[in-house]
Amino acid sequence: MSPSDAATMDKDHSPTPWPARTITAVLVLEDGTIIEGQGLGATGEAVGEVCFNTAMTGYQEVLTDPSYAGQIITFTFPHVGNIGTNDEDIETSSPAAASGVRGAVLRAKVTAASNYRSDKTLDKWLEHRGIIAICGIDTRALTAHIRKSGYINAVIAHAPDGRFDLDALKQSAKAWAGLEGMDMVPDVSTAQQFTSAQTGWQWDTGFGNLDKPKYHVVAVDYGLKRTILRCLANVGCKVTVVPANTSAEDILAHKPDGIFLANGPGDPEATGIYAVPEIKKMIAANIPLFGICLGHQMLALALGAATKKMHQGHHGANHPVKDHTTGKVEITSMNHGFAVDGQSLPEGITETHVSLFDGSNCGLAVDGKPIFSVQYHPEASPGPQDSHYLFERFAGLMDTARG
């Protein structure tokens, strides 16, 4: 049957049109483009930077990753929400905490949840967390637009009655300053210190607990993911998590075996105003130090390198990276819009990892010191576990430091 024949037919065999689609959500780009669809989750409007994520699984983990604060996530995989949501797959440092994500863009309508672990539909979960979503749009076209034009600011709005002041939304999108120069860490960092020794999730038993920790690590929370804490516990680390603005003196007072610089959102130069001076003191202490994502970028700044805004960033669970220290190629999970300028690394700093997509810097190590970092997310969640060896590498440095 042709598309025209597919329309419903009345008794006189005359075609009648499909019922009009009700527009209850819009995505208004700063260039004036208006994308219409159906709304999900919270109502209202939010402004942010539009990016796209290519992961085929783990939408709940992506939506609760604090590294996405200030962003509107476009999922390139068309079927999102069909396994529902649960409390175990939340990645923020506290299950009740907001991730900072501004919105979500989906291709297909969310179907009924089909998974034994689900306790809430994605629609209700988004509403509960205050996240606005739009579905029923051509996410391939939006992704192509971002690939060509780069990151773009936008307003996402959801109104059940379908009434929008489009001129005002256009002005809001154009007026937003964007993430460059913006410190987003205060929105997602823990407000008070806490300790974690929870180990990774196992089939039918859930999460475990580390009974006899071998190491004590202090993690600086710039937007920490829960799975990172579990990966550290899996290699024997009890972790004390401290707020992003904690001084180096207070961190060193814990007498840690190692220090971890967490992932996080925003411009590393903006957060680095207060974080970099403290990281320099941690470097001088010569304690094993491991950083990822924003932690990697600010470690590079503290060592004298530079960072830069990327054209479209890296967001997904299928990014190939080469480890120059072993020659190994690993498939990694990434989420960053800023990167370390590999050409700016000073003498005494070795580039250890590079992206095989675009050659951008993905890792560094300080010559003669137990200090290293990577740009990607070795904990994955979602994504492959190729990079879990980095947590073992960190544990090995702590063993060596103990002598």
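What number of residues within the stretch 58-106 are outside any loop (DSSP other than H, G, I, E, B), modelled with pLDDT of 95 or more and in contact with a strand residue (DSSP E or B) (Cβ under 8 Å, 6 or more places away or on another chain)? Of the residues in that region, 15 qualify. Here the stretch 115-145 is the region considered, the condition is being assigned to a loop (DSSP other than H, G, I, E, B) and not charged (D, E, K, R), and the residue that is farthest from A104 (Cα to Cα) is Y116.
Counting only residues that are touching an Asp or Glu at 6+ places or on another chain (Cβ under 7 Å), aromatic (F, W, Y) and closer than 27 Å to G58 by Cβ, the stretch 192-247 holds 1 of them.
Among I73, I90, I152, which is β-branched (V, I, T) and in contact with an Asp or Glu (Cβ under 7 Å, 6 or more places away or on another chain)?
I152
Against the definition (within 21 Å of the chain's Cα centre (by Cα) and either assigned to a strand (DSSP E or B) or at pLDDT below 95 (or both)), how does H296 come out, yes or no? So H296 fails the test.
I259 meets the conditions (1) touching a helix residue (DSSP H, G or I) at 6+ places or on another chain (Cβ under 6 Å); (2) closer than 18 Å to G363 by Cα; (3) of a type in the set (A, V, I, L, M); (4) in a helix (DSSP H, G or I) in every case but one. The failed one is (4). The residue list N318, N286 contains one member that is more than 25 Å from Q385 (Cα to Cα) and polar (S, T, N, Q), which is N286.
Just one of the listed residues (K148, K109) is in a helix (DSSP H, G or I), more than 20 Å from the chain's Cα centre (by Cα) and not assigned by TED's automatic domain parsing to the domain that holds T199, namely K148. Which one is nearest to F391 (Cα to Cα), of the residues in the stretch 157-202 that are of a type in the set (S, T, Y) and touching a helix residue (DSSP H, G or I) at 6+ places or on another chain (Cβ under 6 Å)? My answer is T199. Within the stretch 181-198, being assigned to a strand (DSSP E or B) and surrounded by fewer than 19 Cβ atoms within 10 Å (Cβ to Cβ) holds for F194, T195, Q198. Only one entry in R163, R147 is of a type in the set (K, R) and free of Cβ contacts under 8 Å to residues at least 60 places away in the same chain, namely R163. In the stretch 354-388, of all residues being among the hydroxyl-bearing types (S, T, Y) and assigned to a loop (DSSP other than H, G, I, E, B), the one that is surrounded by the fewest Cβ atoms within 10 Å (Cβ to Cβ) corresponds to S360.
Within the stretch 332-347, the set of residues being assigned to a loop (DSSP other than H, G, I, E, B) and either more than 21 Å from L303 (Cβ to Cβ) or without any contact (Cβ under 8 Å) to a residue 24 or more places away in the chain (or both) comprises just one member, E347.
Looking across the stretch 299-313, the residues that are part of a strand (DSSP E or B) and not basic (K, R) come down to T307, M310, H311, Q312, G313.
Residues checked against (1) assigned to a strand (DSSP E or B); (2) surrounded by 19 or more Cβ atoms within 10 Å (Cβ to Cβ); (3) in contact with a helix residue (DSSP H, G or I) (Cβ under 6 Å, 6 or more places away or on another chain); (4) among the hydrophobic types (A, V, I, L, M, F, W, C):
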{"residue": "D204", "(1), (2), (3), (4)": "no, no, no, no"}
{"residue": "V220", "(1), (2), (3), (4)": "yes, yes, no, yes"}
{"residue": "L224", "(1), (2), (3), (4)": "no, yes, no, yes"}
{"residue": "V242", "(1), (2), (3), (4)": "yes, yes, no, yes"}
{"residue": "E249", "(1), (2), (3), (4)": "no, no, no, no"}
{"residue": "E269", "(1), (2), (3), (4)": "no, yes, no, no"}
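In the set (1) more than 25 Å from D87 (Cα to Cα); (2) without any contact (Cβ under 8 Å) to a residue 24 or more places away in the chain, the condition left unmet by Q202 is number (1). Hey, could you check the stretch 19-57 for residues that are assigned to a loop (DSSP other than H, G, I, E, B) and among the small types (G, A, S) and say which is nearest to W176 (Cα to Cα)? Of everything passing the filter in the stretch 19-57, G32 is nearest to W176 (Cα to Cα).
The values are calculated or read from the model by the stated rules, or taken from the named source; none is laboratory data. Source: prediction; values computed, not measured. Reconstructed Cβ throughout: ideal geometry from the backbone, glycine too, with neighbour counts over all protein chains shown.
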